[in-house]
Amino acid sequence: MRTLSPPKSCSRWLSAVGAIALLGLHPLRTAANTSTENLPPAVAGAIALPVNEKQVVVSEQPSAVGLTVPSLWWAVQQFGDEVIQRWQAFPAITAPGGRIEAFVSPSAWGRLPYLRRFALINQLGNASRSFGYQLILRDRRQVIYGAYTCQFDALPLEYLPEVTDAAGNPIPFFPPSTELDCQVWVNPNIPVMFPTQGLR
């Protein structure tokens, strides 16, 4: 008895469905990604940083009267425009600086190869560091995609001379990352989806 093999287009479709099913069942893509228990201590510390949620700076509302601190608009436009949907920054309660949460598009992030993920976090993190802010990349489901953290309290605090923000506050000066203990962390539990050619 002769058996017929499925057409090539059908076998490709079945392979794609199988790959999606496997990714859906991938043991690393679980709710555990929303927990801080499995995160590096510096990342968990940045998430737990006491911040003032009433003085949030959001990407949709830059100040019309002065310098907005922190400012990630240029960095996002240059390096993460297709991946970063929006960001919000919370000033720390006990010290200058604070935490920036950048919200990523899960599908766009999934198409980024690992090195592009690292480079994106590093670029956005450098912009965040210059204002004394820790950076957390996450989505709306609280899944953590990556982080850029620095030990700002290891160096004495300095301020930019004769420069204030839109609210009239002095702006802290934070040295380059070479003078700080800064780390880039990419969540290894989020697989790369193919093809990667969709992003420039």
Practice prompt. With a 1.4 Å probe and every protein chain left in place, work out the accessible area per residue of region 91-143 in Å², rounded to a whole number.
Written response: 38
Worksheet entry | Loop trypsin sites (Lys or Arg not before Pro), region 132-171 (other Cβ atoms within 10 Å of the site Cβ: 14 or fewer; DSSP) | R140, R141
Fill in: In order through region 183-189: 3J(HN,Hα) via Karplus (6.51 cos²θ - 1.76 cosθ + 1.60), integer Hz, x for Gly, Pro
9, 9, 10, 10, 5, x, 8
Item to complete: For region 97-111, take each phi angle, set θ = phi - 60°, evaluate the Karplus expression 6.51 cos²θ - 1.76 cosθ + 1.60, and give the result in whole Hz per residue in order, putting x for glycine and proline.
Response: x, x, 10, 10, 10, 9, 8, 9, 7, x, 5, 5, 5, x, 7
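The values are calculated or read from the model by the stated rules, or taken from the named source; none is laboratory data. Please read these numbers as outputs of a predicted model, since none were measured by experiment. No Cβ is skipped: glycine too gets one built from the backbone with ideal geometry, and neighbour counts run over all protein chains shown. Protein only, heavy atoms only, side chains kept; ligands, DNA and RNA dropped before computing areas. Shrake-Rupley method; radii C 1.70, N 1.55, O 1.52, S 1.80 Å.
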